[in-house]
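Everything below concerns the one structure shown next.
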Amino acid sequence: MWFAGLSSVCGRKLMKWSKIQRINQLGFLSSFMVNIGKPAEGFPACSVFSTLEAFSSDIDKDVGKSTLAKDLASLVDESSNLDETKPKTCVELKKLLELRIKKRVKEQYVDGKFQDLMNKVVANPKTLRDAYDSIRVNSNVDLALEGDCIPFESLAEELSCGYFNVGANIFSISTKGAQKEVLVLPNVKLKVVQEAIRIVLEVVYKPHFSKISHGCRSGRGHFSALKYISKEISNPDWWFTLLISKKLDTYVLDKIISIMEVKIEDPSLFAIIKSMFDAQVLNLEFGGFPKGHGLPQEGVLSPILMNLYLDLFDREFYGMSMRYEALGIGYDTEQDGSHSRLRDWFRRQMKDNVTEHNDVETSRVKVHCCRFMDEMFFAVSGSKDVALAFKSEIQTYLEGSLQLGFDKQTEILPCNGPHGIQFLGTLVRRSVKECPAVRAVHKLKEKVKLFASQKQESWDSGTLRIGKKWLAHGLKKVKESEIKNLADNESLLSQISTFRKAGMETDHWYKLLLKVWMQDANAKFIDSEEFILSKCIVEPSLPQELRDTFYEFQKRAEEYISSETASLIALLPDSSSSTESVRMTEIIAPVNIIKKRLLRYRLTNSKGFPCTSRMLILQDSTQIVDWFEGLVLRWFRWYSECQNFNDIKLIICNEVRKSCIRTLAAKYRIHESEIEKKFDLELSRIPSTPELEHEFANETLDSQASDCVYGISYSGLCLLSLARMVSQSRPCNCFVTGCMAAAPCVYTLHVMERQKYPGWKTGFPSCIHPSLNKRRIGLWQPSGVLQFLTWFWLPGLKKGI
């Protein structure tokens, strides 16, 4: 039966192949007529033979026979050649450039080690050219544009002969004031060398990193780290994070080089890395600021060197995991011995924590770790004593073996507690998964809360409207008292008019009367005018029965919303009649912190309403929209998997989009409704309703696929203001590495704050080095401004800041 099925499948495949051959005859002949990017002799010989076989099989049978595998391979080659005519994305170009260097690196693998990588790979003009193009791709510069005039041949000769001077290829900038903070950056030549070394080291070591390591790795970014925590860590009891703090010193550098010596045999490569350390241009620091964002204080080599050094801890963690889970350390060993703990542990490692004996595993100790660069997250399933012992062992290894400092005040928190734990700029917490009955009750509560709030808004707006009419009526009476024919001499207003000063204006007199009334009513210190009109004037004049009825309704609604009724308690999982509660791990976006950043960047006012961004008014309309769009894209990339993503979408629709419209309205001095009509196409890139998130679905997928592109998908959004226009008397070129175009404008970079580590992820930069504050940079509009507004990569700046 199996052979019969195979023959039928092969028959169908051969029938399809005969049709492909007839079509391929014309395609092959036309390939000689049309140049698709490669010469005709570049095709494999088997392709020529397979195409002409239909014509020559009856004439010449001694040529040999073509196989189906070779013909299919020729089709793949031809299709790949055709695909080269299509424009490649940033990620595809990045991978293509790194693939070329990867082939050169693998050619140096001899006798179990990579030999002479510096002279044969790094000091190769083709490698340096590919590394330079990789920098341009990272900087979002079109490779078709003219780049820097770098003599790759002479640079390669200097590297191979050992004449390359690292100290002569650096520059430094510092902050102003007494306490100066110096930042040392490489120039273009040294940056090209660093990029080439980075790609070489990643080719050698990236495939060997552990699965708990995330960050600056293809397909293993912050999405995969948070997904691992929320999906694969099941039923943790305790969790904690460790905040590492350490600057690169000779001990750490020697340790890193000793690690590299296991797989690489190249003293010249290690020598140039040491010379970069002596010149203080490596910029490798554990802690202090988030990693993998392309910040200027983070060197090009720091991600791979940091992962290389902390890979020692990753391997040590697996030993700890075996001791705690497989060898029975830290829990009661008097259990059913029908299952081997060591065997189950190996099964979990192979099957990603999925075991066949769930009833046994629920009572055993489990330890978990997730590391994103230098941010470490740990979870323990077991008693608190086990968690304390596990934490102490980790701290002993980090402090003793790796010589790393950390915050010793970090506490172990219960996973089922009311508060979560901060990791990767988000809040991780555990919550009870509600059953459908409980969700229905909570939904009813939300509807009651919404109904009560709507009635309260209607009550307040109604009383405020009556209060404003009361003010207008009072002013009318004051004006009538000034007219002799309409004045009532017996009224109270006419009697107190004797205290009015001669020549006092009507409005001034009316304000004085209101001031006296406010002092008598003890309403002088009330800030809100609406509250005075509503609570102090209108409500006391309303019928008592109406007021009592409204406030009784609000009281009952609040009691129903805030209290758990007996029917709801019966539905909750914690009740005795229900089964055991099911908890789930949630990733929460810091909504309140994001709102504070909007206030700090003056996109909203103190009351939370959107306002005009004064720093962006002088820029072009497209640049203003790009600035706000870049912020929205970051939120969609970072928070699309968060449980409270709907709150982020409300901020986008109600605050960010409205602030963009008001900024454009202030720029052109026209009404907001006219702005929405005039810039309808540009504003369509910013969602106007929460239901339009599918517009950014492709952007989110692209960001997940571009985790390997360092400094692009997770970069910070900076605030730039126009400093001056470039003139012939004061020319300026673009500051972005790889872009030699003339900059039409010069911008001022604003560093709004310096956030402590670890910081919340808000879409705004908070860790940019203070030496760059108020620095002026020239940018070419098609690439530079878009890069700084949407894909900002500060290490791409050249000397001249």
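The values are calculated or read from the model by the stated rules, or taken from the named source; none is laboratory data. Here the structure is a predicted model, which means the values were calculated and not measured. Note: ideal-geometry Cβ built from the backbone for every residue, glycine included; neighbour counts use all protein chains shown. Side chains are part of the model used for accessible areas, which takes the heavy atoms of the whole protein and leaves out ligands, DNA and RNA. Shrake-Rupley method; radii C 1.70, N 1.55, O 1.52, S 1.80 Å.
Summary of values
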| quantity | calculated |
| --- | --- |
| Top-ranked residue in the range 586-609 [being among the hydroxyl-bearing types (S, T, Y) and either surrounded by fewer than 18 Cβ atoms within 10 Å (Cβ to Cβ) or under 20 Å from the mean Cα position of the chain (by Cα) (or both); ranked as farthest from R637 (Cα to Cα)] | S606 |
| Cβ-Cβ under 6 Å pairs, at least 6 apart or on other chains, the range 218-238 side open to solvent by less than 30 Å² (accessible area, probe 1.4 Å), far side acidic (D, E) | G221/D707 |
| Matching residues in the range 676-692 - criterion: being modelled with pLDDT of 80 or more and surrounded by 14 or more Cβ atoms within 10 Å (Cβ to Cβ) | E676, K678, F679, E682, L683, R685, I686, P687 |
| Residue match in the range 205-224 (condition: in a helix (DSSP H, G or I) and among the aliphatic types (A, V, I, L, M)) | no |
| Subset tally (residues that are open to solvent by less than 70 Å² (accessible area, probe 1.4 Å) and part of a strand (DSSP E or B)) for the range 409-458 | 11 |
| Count of residues meeting criterion [surrounded by 10 or more Cβ atoms within 10 Å (Cβ to Cβ) and either hydroxyl-bearing (S, T, Y) or at pLDDT 70 or above (or both)] in the range 520-535 | 7 |
| The one condition in (1) modelled with pLDDT under 75; (2) open to solvent by 10 Å² or more (accessible area, probe 1.4 Å); (3) among the β-branched types (V, I, T); (4) not in a loop (DSSP other than H, G, I, E, B) that V785 fails to fulfil | (2) |
| Search result, residues across the range 293-315 that are open to solvent by 10 Å² or more (accessible area, probe 1.4 Å) and either closer than 30 Å to V367 by Cα or not hydrophobic (A, V, I, L, M, F, W, C) (or both) | H293, Q297, D311, L312, R315 |
| Neighbours by Cβ (under 9 Å, 6+ apart or cross-chain): first from the range 379-397, under 12 Å from T410 (Cβ atoms); second of a type in the set (S, T, Y) | K391/T410 |
| Qualifying position, being closer than 29 Å to C370 by Cα and out of contact with any helix residue (DSSP H, G or I) (no Cβ under 9 Å at 6 or more places or on another chain), among K263, K247, K255 | K247 |
| Residue match in the range 693-715 (condition: closer than 30 Å to V188 by Cα, open to solvent by 70 Å² or more (accessible area, probe 1.4 Å) and at pLDDT below 75) | yes |
| Contacts under 7 angstrom Cβ, first residue in the range 293-309 being at positive phi, partner at pLDDT below 90, 6 or more apart | G294/Y710; G294/G711; G294/S715; G294/W793; G294/L794; G294/P795 |
